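The values are calculated or read from the model by the stated rules, or taken from the named source; none is laboratory data. Being a predicted model, the structure only gives us computed values, none of them experimental. Because the Cβ atoms are built from the backbone with ideal geometry, glycine has one as well, and the counts that use them run over all protein chains shown. When the accessible area is computed, the model is the full protein with side chains, heavy atoms only, and any ligands, DNA or RNA have been set aside. Shrake-Rupley method; radii C 1.70, N 1.55, O 1.52, S 1.80 Å.
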Amino acid sequence: VGKHYKDMIFSDDPYFRGTEIAYGPDGAVYILDWSDIGECHENDGVHRTSGRIFKVTHGDVEPRSAFDLEALNDKDLIALLTRPNEWDARQALRIIHERSALAGDMSSIVKGARSLFRDGVSTPHKLKGLWALSLADGATPEWLEDQLAHPDEHIRAWAIRLLVDSGSISETAAGEFGELAVDDPSGLVLVTLASALQKLPLETRFGVAVALAQHSELAG
């Protein structure tokens, strides 16, 4: 549920155009302003210096000392996934993905991610373990199919997404999708199934769609 609270930042520049918001390593928020007072997409270079970056902080923000996340070992990368600063976790997932793409040894990443998924103290921690497993090629289709019965609706929904994104849906997974469409009490899971319909095998789609459409409690 999104709620619109009072605006906290104002600009007296009518040409302010915030095009990107990024979360920084120090917890600050960075806003990219494309201040273009001339013809859009000009090619004479006159507006090359008119863009601005604003840094928004809350309270006293201490800059972090120099660090190199690329130099961390696998164990420390997994530890980053549970940091309260989301920037660290996102960078760790990126580095895990890059190491996997280079066909390195991902066994310790897979072991740590499985442990985080199993023992994580919160849903976000478990999800990051799941994402790290997927990026390290440690989430096999069979394992993801098992997670379709997970008690956490967010895990079930992400298992659906990852199975669908793999491009190959087994008969077992297709059958379980159909059962979820009938019986799963989670609106999140049901809407994830609805979003996945266009990627399901043709022979599976109609049955799942019919089951979703029969949820009278969602008619409104």
Debye intensity ratio in log₁₀ form over the Cα atoms of region 173-220, taken at each q of 0.14, 0.24, 0.25, 0.27 Å⁻¹: -0.27, -0.81, -0.88, -1.02
Using each residue's phi in region 214-220, evaluate 6.51 cos²θ - 1.76 cosθ + 1.60 at θ = phi - 60° and report the 3J(HN,Hα) Karplus result to the nearest Hz, with x for Gly and Pro. 8, 7, 5, 5, 9, 4, x
What FRET efficiency would be calculated for the residue pair Arg161, Ala22, taking the C-beta separation as r and a Förster radius of 22 Å, to the nearest 0.05? 0.35
Which entries of Lys75/Lys199; Lys6/Lys199; Lys55/Lys199; Lys3/Lys128; Lys55/Lys75 show an alpha-carbon separation above 29 angstrom in the structure shown? Lys75/Lys199; Lys6/Lys199; Lys55/Lys199; Lys55/Lys75
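Let me know the Kirkwood hydrodynamic radius for region 122-220, please, with Cα pairs as the basis and the value in Å to one decimal.
The answer is 13.6 Å.
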Enter the accessible area per residue of the chain (Å², integer; probe 1.4 Å; all protein chains in place). 64 Å²
Express the carbon and sulfur contribution to the solvent-accessible surface of the chain as a percent, rounded to the nearest whole number, probe 1.4 angstrom. 54 percent
What do you get for the angle between helix 202-213 and the principal long axis of the chain? Use alpha-carbon atoms, 0 to 90 degrees, nearest ten. 80 degrees
Tell me the angle of helix 86-101 to the major Cα principal axis of the chain, expressed in degrees between 0 and 90 and rounded to the nearest ten. 60 degrees
Output the 0 to 90 degree angle, nearest 10, between the alpha-carbon long axis of helix 107-119 and the longest principal axis computed from the alpha carbons of the chain. 80 degrees
Under the 7 Å Cα-to-Cβ spin-label approximation, Thr57 and Leu202 lie apart by a distance in nanometres of 5.9 nm
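Expressed in nm to one decimal, what extension gain is obtained for the pair Tyr5 and Val182 from 0.36 nm per residue of sequence separation less their Cα-Cα distance? Don't jump to the answer; show the numbers that get you there.
Working: separation 177, 0.36 × 177 = 63.72 nm, distance 3.74 nm.
So the chain would gain 60.0 nm between Tyr5 and Val182.
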I need the trypsin sites (Lys or Arg not before Pro) found in region 83-138, filtered to DSSP loop residues with at most 16 other beta carbons within 10 Å of theirs. none
Expressed to two decimals, the chain has a Cα Rg over Rh, using the Kirkwood radius, of 1.06
May I ask you to derive the FRET efficiency for Glu142 and Ala219 from their Cβ-Cβ distance with R0 = 45 Å, giving the value to the nearest 0.05? 0.80
Shape call for region 63-180 from the C-alpha gyration tensor, a ≥ b ≥ c root eigenvalues: rounded (a/c under 1.5), prolate (a/b greater than b/c) or oblate? prolate
To the nearest 0.05, the calculated FRET efficiency linking Ala79 and Leu102 through their beta-carbon distance, R0 being 22 Å, is 0.55
